[in-house]
Amino acid sequence: MHAGEVMTPDTVSDALEMSPAGFTGAGVVDGPLAVGGDAVAGRAASAGRNEGAVRSTARVVSAVGSPPVLIVFTVLLAAALAHEAQAWVWGLAHVLIGIAGPVVYLVMLHRDGDISDLDVERREERLLPQIVTVAFLGLALLTVRAGGAPLVLTRLAVLIFLQALVVLNVTLKWKISVHSTVAAMAGCVVWTLTGSPLALLLGLPAVMWSRIQLERHTPAQTLAGAALGIVLFLPARDFLLGG
């Protein structure tokens, strides 16, 4: 456009299209700014996908490391290592009474709307399920003891019952990570029975991480749970082995 030239709609349009900033007549960014915006959007989308993958992994770890799953595993492991014909019978009896009973009750509470979720995130909702759990675990203990189950299964039942009782008493005052407590004791039991510390050294931190990642517990609650599980087990190690 030259000096003295009259501005017309066509010349305005041409000027905008030739602008170094790369603006179009529609006023939409179509140059370096647009490329930068696309890059930011791409990074945001990638971060969202990564966060989703992390939370999905945490959910899997939390489910695999849930108290019912870990207790079933340790009881059946003890039954397998007992090398007695009736060990599996009493191991399954312990699982069906002490674990299946509380799980069914928990599902019923959730179905009826008495608890907000199966993780029972709210401390005040945990008391009744934990009382029922202690009752079922006590019944399982009496069953395997009265039936003459192998010593390792009977003593493991004692430890599991006492752990649930202590956790219940803690929950009256404070929300502790039951996942971490059970994972710690399960890791100690596996180490004692097999000689391998991997379940404790790898499994326990993974469970703690998952609970924090899912925002179900604070770091303090998971650390307290892990410490409780270990502290409860260590004095009872020789007891489990029949010493």
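The values are calculated or read from the model by the stated rules, or taken from the named source; none is laboratory data. Nothing here was measured: the structure is a model prediction, and the numbers come from that model. Positions of Cβ are backbone-derived with ideal geometry, glycine not excepted, and every protein chain shown enters the neighbour counts. SASA here: full protein model, heavy atoms, side chains in, ligands and nucleic acids out. Shrake-Rupley method; radii C 1.70, N 1.55, O 1.52, S 1.80 Å.
Numbers at a glance
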read-out	value
Filtered trypsin sites (Lys or Arg not before Pro), the stretch 131-184: DSSP coil and at most 11 other beta carbons within 10 Å	K173
Accessible area per residue in Å² at 1.4 Å probe, computed on the stretch 51-189	47 Å²
Carbon and sulfur %, accessible surface of the stretch 83-194 computed with the full protein complex present, 1.4 Å	67 percent
Contour minus Cα-Cα distance for R237 and S196 (0.36 nm per residue)	13.3 nm
Exposure rank, largest accessible area first [F136, F233; 1.4 Å]	F136, F233
Sites R111 and H83 - FRET efficiency at Förster radius 35 Å, r taken between beta-carbons, to 0.05	0.25
